[in-house]
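Trainee: Questions regarding the structure given below will be posed in turn.
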Amino acid sequence: MYVCICNRYRYNDLRHLAVGGTRSAEEAYSVLGNGPQCGRCLQFPQALMHEVGASPEAKSATA
Ligand code: FES
């Protein structure tokens, strides 16, 4: 599923980065190659980064 139409970033790409420790949408987009274009998509990846970062799995991976 595409999350960002402008850059063709998929949910799985963003989730992979979130599990790896990325904690902001802007950082994730930078790693993937292009920053935000229109910005309409940013709310979802930002929520994903927070959700994954707050999970017990993520906390144990960074401890
Ligand atoms: S849809 Fe992601 S920047 Fe436009």
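Trainee: Among residues belonging to the stretch 24-45 that are assigned to a loop (DSSP other than H, G, I, E, B), hydrophobic (A, V, I, L, M, F, W, C) and buried (at least 16 other Cβ atoms within 10 Å of the Cβ), point out the one that is nearest to the ligand (Cβ to nearest atom).
Mentor: Within the stretch 24-45, the subset assigned to a loop (DSSP other than H, G, I, E, B) is 24, 33-42.
Right, trim to hydrophobic (A, V, I, L, M, F, W, C) and you get 38, 41-42.
So of that shortlist, the ones also buried (at least 16 other Cβ atoms within 10 Å of the Cβ) come out as 41-42.
Values: Cys41: 3, Leu42: 7 Å.
Among those residues, the one meeting the criterion is Cys41.
Trainee: Let me ask something else. Can you tell me how many residues in the stretch 1-12 are of a type outside the set (A, V, I, L, M), away from the ligand (no atom under 12 Å from the Cβ) and in contact with a strand residue (DSSP E or B) (Cβ under 8 Å, 6 or more places away or on another chain)?
Mentor: Narrowing the stretch 1-12 to residues of a type outside the set (A, V, I, L, M): 2, 4, 6-12.
Those still in the list that are away from the ligand (no atom under 12 Å from the Cβ) too: 11-12.
From the residues that got through so far, the ones that are in contact with a strand residue (DSSP E or B) (Cβ under 8 Å, 6 or more places away or on another chain) too are 11.
Within the stretch 1-12, residues that are of a type outside the set (A, V, I, L, M), away from the ligand (no atom under 12 Å from the Cβ) and in contact with a strand residue (DSSP E or B) (Cβ under 8 Å, 6 or more places away or on another chain) number 1.
Trainee: Residue pairs, Cβ under 9 Å, 6 or more apart or interchain, first in the stretch 16-41 and basic (Lys, Arg), second within 11 Å of the ligand (Cβ to nearest atom) and part of a loop (DSSP other than H, G, I, E, B). List them.
Mentor: Arg40/Ile5; Arg40/Cys6
Only the coordinates and a few stated rules stand behind these numbers; no lab work does. The shown structure was predicted, so the numbers you read here are calculated from the model rather than taken from an experiment. Note that we place each Cβ from the backbone using ideal geometry, even for glycine, and neighbour counts take in every protein chain shown.
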